[in-house]
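> The structure under discussion is supplied below as structure tokens; questions concerning it will follow.
What follows is calculated from the coordinates using simple rules that are stated; it is not laboratory data. Worth saying up front: this structure is predicted, and the values here are computed from it rather than measured. Heads up, the Cβs are rebuilt from the backbone with ideal geometry, glycines too, and the neighbour counts pull from every protein chain shown.
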Amino acid sequence: MLRASEVCERAGFPTSSLVCEGFLGQAAATSVGLGMPNLAVAMIPGHPGAQSMEELRANVAQVTAQQVIDNLLNEPEAQEQRPEPAARDIVFRGSFEEVNAFFYERQWSDGLPIVPPSIDKIEQFLSFTDRDRDEVLGIVLPESRAVTIWAVAVNGVMAGCRPEYMPILVALAEAMSDPMYGVEHSGNTPGAETLIILNGPIIKELGFNFEQGVLRDGFMPNTSVGRFWRLALRNMAGFLPHKTDKGSFGNTFRVVLAENEDAIAKMGWLPNSVDMGFAAGDNTVTITRLTGGGVMASVTGSTPEQMMPYLSDGVAKQTSWEIVFTVGGITYGTLRPVLILTPILAQTMARAGWSKDDVKRHLFEHARMPAWRVEAYTEQWADFPIVSLKHQVNLGRLPRAFAESDDPNRLVPIVLQPDDFMVLVSGDPLRTNAYTFAHNGYLGFPTAKKINLPADWASRIKAER
Amino acid sequence: MAKKSTADGQYEVVWPSGERKQALQPLAKRLDTLNGKTIAQLWDFLFAGDEVFSQLEQELRAQYPQVKFVSWREFGSTHTVNEKELLASLPLRFKELGVDAAISSMAC
């Protein structure tokens with residue numbers, strides 16, 4: 001892993017990084033971002049996952065070993081850093097089509113037309129924040145770039161956002177810069193995509209869709225802010241397909257999911273912003289990186305007890321290999337699956353006296369998978385070894401719920417505690433469907449930020465309307 | 001004065017990235033030989049790295065019989081939720097263990 005090599009080299013220890021053949025391009029690009037474009041890499045031919053042990057050992061003996069030796073003994077060639085434009089430099093002048101071609105050729109756009117980021121447009125966005133335009137919110141990998149208010153505005157313009165979305169974009173950039181989220185993992189091969197969850201009065205102030213079709217494009221705020229996120233990953237962090245973004249298949253960006261706070265308040269539940277540590281009524285963004293999702297159509301029942309078996313089944317089935325983020329194949333207890341209830345489903349539960357915590361507890365007890373399947377994901381089907389669930393329990397790394405018997409068909413939780421489930425309320429108010437997402441663990445851990453509004457927000461928004 | 005997109009359908013545009021904050025860093029001085037040197041194995045617990053290290057040990061020892069290794073088991077996975085803390089601890093750990101160089105695997 002190159003990040004480890006960089007730390008070692010910096011401390012005076014020469015390294016050789018081992019990199020599979022298909023990752024050599026990513027390694028070259030990532031090395032530049034680490035400030036060590038000449039990091040020494042030894043190739044593993046092909047991919048170990050598709051090789052027998054005999055083939056792998058032969059490849060290491062015939063190819064990798066000598067490269068490792070050379071890397072540790074031979075001084076690498078010195079490198080020079082290419083100059084780059086300053087933030088306000090005019091890098092191009094041309095027509096709409098010419099600007100778009102210029103940006104596309106340099107991988108600065110996502111393939112859809114962008115709004116040309118001219119200074120006057122950027123200034124409009126900057127007028128919707130009280131922050132200094134040169135403020136650095138963080139430095140993010142893989143290109144080790146400064147996340148600035150200015151760059152946020154530039155990418156907001158490009159994405160087709162309206163200037164008044166700027167406070168949301170800034171909060172997203174702050175979340176991106178938070179180490180808890182782990183943006184540096186955004187180019188990993190499962191290709192998971194971020195979901196942005198929006199809470200607070202700003203949903204209605206800016207006209208976000210929070211009802212039917214909430215995950216569909218077609219609503220300017222939801223769509224353009226979702227697009228901003230992916231442009232920010234590309235331009236502000238430096239994730240480029242075929243280079244630093246190694247998503248084997250990838251995903252397109254997700255539009256923003258705004259919760260239905262009217263429905264939530266009416267039923268006496270609390271919004272996601274409270275679950276994330278803020279006050280009800282705060283404007284917040286939450287980002288979480290999700291591998292995929294599926295709908296549970298026509299949830300039937302007039303009581304929670306009638307509805308929950310279907311919902312638990314759907315939530316449990318959506319999580320497969322991602323279980324490694326719970327049981328230790330990569331890390332422990334960082335899996336945060338998502339369940340989205342339409343208001344009518346949540347209201348039915350609330351009417352029966354169920355809180356959101358009751359839903360989470362029920363999911364913890366019933367959204368489970370057979371122990372043999374967990375061990376197959378970790379030991380047989382994929383390469384995330386844990387030895388066995390019982391072994392992990394004996395070491396004190398997992399709670400007893402994962403090894404209450406030796407029966408391979410016993411059901412075990414998919415998370416470590418009820419609060420690991422995220423339960424949201426949005427979508428078609430009067431349709432009895434639910435949606436669930438599997439999560440990418442600590443490689444995109446749920447991270448929330450408060451949206452700070454400019455001092456003149458109320459009058460500005462009123463004027464915009 | 002701020003430049004504006006022009007009325008003749010021409011746009012003057014800026015680039016969309018922030019400043020690169022990581023200046024070029026020199027690499028560590030390479031070793032003169034592997035004989036008598038201690039090499040740390042760093043593994044992210046992916047892609048059969050344990051097998052790879054096992055074979056690498058064999059190959060390196062064939063050319064440099066006095067080379068020594070500190071197993072990946074000593075450090076645990078480098079691809080974990082506490083990655084930053086773990087990586088930050090490596091220089092001191094290396095000094096304690098008498099490490100001269102490292103091999104880091106498997107993903108980027």
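> Modelled label-to-label distance, residue A:220 and residue A:58, 7 Å Cα→beta-carbon offset: nm?
Simple spin-label model gives 6.2 nm for this pair.
> Between residue B:92 and residue A:433, how many nm apart are label points set 7 Å from Cα along the C-beta direction?
5.4 nm
> Return the lysines within reach of residue A:317: Cα separation strictly under 18 angstrom, same-chain partners fewer than 8 residues apart disregarded; answer none if there are no such residues.
Once the sequence-local lysines are set aside, what remains near residue A:317 is A:360.
> Provide the FRET efficiency to the nearest 0.05 for the residue A:344-residue A:11 pair, computing r from the beta carbons and using R0 = 60 Å. Provide the component values of the computation, followed by the final result.
Numbers: r = 58 Å, r/R0 = 0.97.
Efficiency at R0 = 60 Å is approximately 0.55.
> Roughly speaking, what is the stretch gain from residue A:67 to residue A:305, that is 0.36 nm per residue apart minus the C-alpha to C-alpha distance, in nm to one decimal?
79.6 nm
> How long, wide and thick is the range A:2-73, going by the Cα atoms along their three principal axes, in whole angstroms, largest first?
That works out to 36, 24, 15 Å along the principal axes.
> Applying 1/(1 + (r/R0)^6) with R0 = 30 Å to the Cβ-Cβ distance of residue A:249 and residue A:135, what FRET efficiency is obtained, to the nearest 0.05? Please list the in-between numbers first.
On the way: r = 36 Å, r/R0 = 1.21.
Efficiency, from the Cβ-Cβ distance: 0.25.
> While we're looking at this one, here's another question. State the Cα centre-to-centre distance between the range A:363-427 and the range B:17-67 in whole Å.
35 Å
> For the protein assembly as shown, just say rounded, prolate or oblate: build the C-alpha gyration tensor, square-root its eigenvalues into a ≥ b ≥ c, call rounded for a/c under 1.5, and beyond that prolate if a/b exceeds b/c, oblate if not. List each step's numbers first, then the result.
Numbers: a/c = 2.35, a/b = 1.19, b/c = 1.98.
Cα axes put the protein assembly as shown in the oblate bin.
> Can you compute the FRET efficiency between residue A:84 and residue A:266 using 1/(1 + (r/R0)^6), with r the Cβ-Cβ distance and R0 = 51 Å? Round to the nearest 0.05. Each step should come with its number before you reach the end.
Numbers: r = 52 Å, r/R0 = 1.02.
E(calc), rounded to 0.05, equals 0.45.
> For the pairs A:204/A:266; A:266/A:450; A:266/A:356; B:68/B:95; B:37/B:95; A:121/A:243, flag any whose C-alpha to C-alpha distance is greater than 19 Å. Write down the numbers at each step before the final one.
On the way: A:204/A:266 16 Å; A:266/A:450 23 Å; A:266/A:356 14 Å; B:68/B:95 15 Å; B:37/B:95 13 Å; A:121/A:243 30 Å.
Violating the 19 Å Cα-Cα cut-off are A:266/A:450; A:121/A:243.
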